[in-house]
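All remarks here apply to the structure that follows.
The values are calculated or read from the model by the stated rules, or taken from the named source; none is laboratory data. Values in this document were obtained by computation on a predicted structure and should not be read as measured data. Ideal geometry is used to build each Cβ from the backbone, glycine not excepted, and the neighbour counts take in all protein chains shown.
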């Protein structure tokens, strides 16, 4: 299901609101309209918001109340978040509102779908949400274009939504009671950040396993710690899987066979304990996946409308604590992935440990080789350790203490995004170092997976014969991680 949402982005499919979803939306909307007609006072429908919930709003001002809500809550700052995250937000918001317990108007939901389908994506500043009551500021920025206000990205340009309305590209929605609150109350920003990171993290873990296998070959490390029997008695699912994957990546490796009888018993923990460490990351991914699958299908706005009884109940589904903790947990896991990868890079460049030329280059002294590439990996690793401090334990009361405990899920998600960028570079540096090390081991062929990885890396970066401007090689990281064809081939090796 999570990958289905990603495919929606890659294939730019239209958001379609099916007839049964429209029926659910209309039934819940009828409950809201009944409440207004009967003169009942219900939070978010005919009251102020947050600390101002005790202020009653006359019927004739209910539309203005919703418009004011969007304008006042659009207080995000900093650079816009990536458009892919915006797209996920829009999809999630439509799914959330289509469950039929929000009481939102059908017109508001259809307008989100219309903008998405026309390639009109709101400009959403990345900072300004505490993750309760929902992602108010980001969702307000997402919703302003529905009424022809705010900024959008259209055909690669950042423009005023009002200009697109004047050009006749779409007509603004007419918001009614509760529409604004339903639009901005929810965890869609936090969830989109985590979902985007989760899908990247899956690929990174596979790449980390490949980097490990390449380093094993380069360092002439023993493959005995990956014996299936060792991991079966530990009973940890992720650990078992990592050991299996590495065995498959190294299958038929002539480099491994070349030192079968060398008498080497133990390698440093960065090799010997890699299944235990990377396996724990895999287990973390499974936990995060479960949280995300629930949240993607969840209703997270407030108050909620229950058609069967006609009740409208105010509660706290907008609190993004599950997402915050999941993002923090994944941040810690990926930081560990970088920690152990950097240790293998350090091992490879140390001739006393690896037996390879100092800093992986001939004529070291005249040439510095991988000396400073490892320093870069160390810097990124250290930064990740700082960033992996949990955001979910930070809470600052808002709305005059009415909203006195918040999740900070967006902060957790934003930190996670940076950690992922850093880990990609850390693993890429290990891959470059391992590939360089393999070059010094003769012309022996690698395993089924490692040879595939070696060939891919060498198609991007040539052997380092002497010092050259090295940052260009490091900047090939994104090209490697974004190669979907290579990733599919790697999975074929692992899954067969």
Kindly list the number of the only condition in (1) more than 23 Å from residue 334 (Cα to Cα); (2) part of a helix (DSSP H, G or I); (3) without any contact (Cβ under 8 Å) to a residue 40 or more places away in the chain that fails for residue 486. (1)
Would you say residue 315 is modelled with pLDDT of 95 or more and closer than 30 Å to residue 25 by Cβ? no
For the stretch 443-466, which residues satisfy the criterion of being free of Cβ contacts under 8 Å to residues at least 40 places away in the same chain and more than 32 Å from the chain's Cα centre (by Cα)? 443, 463
When you look at residue 129, is it over 29 Å from residue 451 (Cβ atoms), part of a helix (DSSP H, G or I) and assigned by TED's automatic domain parsing to the domain that holds residue 108, yes or no? no
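Per-residue answers, yes or no, for (1) farther than 16 Å from residue 192 by Cβ; (2) buried (at least 22 other Cβ atoms within 10 Å of the Cβ); (3) touching a helix residue (DSSP H, G or I) at 6+ places or on another chain (Cβ under 8 Å):
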| position | (1), (2), (3) |
| --- | --- |
| 110 | yes, no, no |
| 117 | yes, no, no |
| 129 | no, yes, yes |
| 134 | no, yes, yes |
| 140 | no, yes, yes |
| 145 | yes, yes, yes |
| 153 | no, no, yes |
| 157 | yes, no, no |
Would you check if residue 411 is over 26 Å from residue 246 (Cβ atoms), part of a helix (DSSP H, G or I) and either modelled with pLDDT under 95 or out of contact with any helix residue (DSSP H, G or I) (no Cβ under 6 Å at 6 or more places or on another chain) (or both)? yes
Just wondering, is there one or more residues in the stretch 49-70 that are crowded, with 19+ Cβ neighbours inside 10 Å and at pLDDT 95 or above? yes
Taking the stated definitions as given, is residue 492 part of a helix (DSSP H, G or I) and closer than 21 Å to residue 249 by Cβ? yes
Which of the helices (runs of 4 or more DSSP H) found entirely inside the stretch 302-391 contain at least 1 residues meeting this: under 30 Å from residue 183 (Cα atoms) and touching a helix residue (DSSP H, G or I) at 6+ places or on another chain (Cβ under 7 Å)? 321-349
The residue from 394, 403 that alone is farther than 17 Å from residue 337 by Cα, in contact (Cβ under 8 Å) with a residue 60 or more places away in the chain, in the same structural domain as residue 329 (by TED's automatic domain parsing) and out of contact with any strand residue (DSSP E or B) (no Cβ under 6 Å at 6 or more places or on another chain) is 403
Does residue 433 satisfy the criteria of being over 23 Å from residue 340 (Cα atoms) and surrounded by 14 or more Cβ atoms within 10 Å (Cβ to Cβ)? no
Members of the stretch 361-387 that are under 34 Å from the mean Cα position of the chain (by Cα) and touching a residue at least 60 places away in the same chain (Cβ under 8 Å): 369, 370, 372, 373, 376
Please verify whether the stretch 256-266 includes one or more residues that are over 30 Å from residue 29 (Cα atoms), over 29 Å from the mean Cα position of the chain (by Cα), buried (at least 16 other Cβ atoms within 10 Å of the Cβ) and assigned by TED's automatic domain parsing to the domain that holds residue 220. yes
